[in-house]
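To keep things clear, I will list the structure first and then write my remarks on it.
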Amino acid sequence: MEILRLAFFRFLIVCVVILTLLFTNNLGPFTFFIIAGGFSLVESILSKRKFDRITGNKFIDYGWILFVIITVAAVLIYSGEYE
């Protein structure tokens, strides 16, 4: 459970779930809203409890931003391709 204290791994899990749903054609607007809203709620609760652990490694501490950018780009490209 210590690994969940790193934002990098939490974002990795959510991005993998979103991309898996996207590429299996199961990601709809409602599903995306539920996943994003639930994750946002969990992250806000965890930030209030100071759950995150800072490692000092910039890739681990801020690498989650890359996952979010890749996921957003994949969703936009894939959903625009089949409209």
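The values are calculated or read from the model by the stated rules, or taken from the named source; none is laboratory data. Since the model is a prediction, treat every value here as computed from it, not as a measurement. We place every Cβ from the backbone using ideal geometry, glycine too, and count neighbours over all the protein chains shown. Side chains are part of the model used for accessible areas, which takes the heavy atoms of the whole protein and leaves out ligands, DNA and RNA. Shrake-Rupley method; radii C 1.70, N 1.55, O 1.52, S 1.80 Å.
For the chain, the spherically averaged projection of the C-alpha convex hull amounts to 5.8 nm². Cβ-Cβ distance of residue 24 and residue 54, R₀ of 35 Å, FRET efficiency by 1/(1 + (r/R0)^6): the value works out to about 0.50.
In this simple spin-label model, placing a label point 7 Å from the Cα along the Cα-to-Cβ direction at both residue 5 and residue 79 gives a separation of 3.6 nm. Taking only DSSP H segments of four or more residues, each worth -39500 (n - 2.57), what value at 222 nm results for the chain once the sum is divided by all its residues, to the nearest 500 deg cm²/dmol? When only DSSP H runs of four or more count, the value is -23500 deg cm²/dmol.
Rolling a 1.4 Å probe over the heavy atoms of the protein chains gives the chain an accessible area of 73 Å² per residue.
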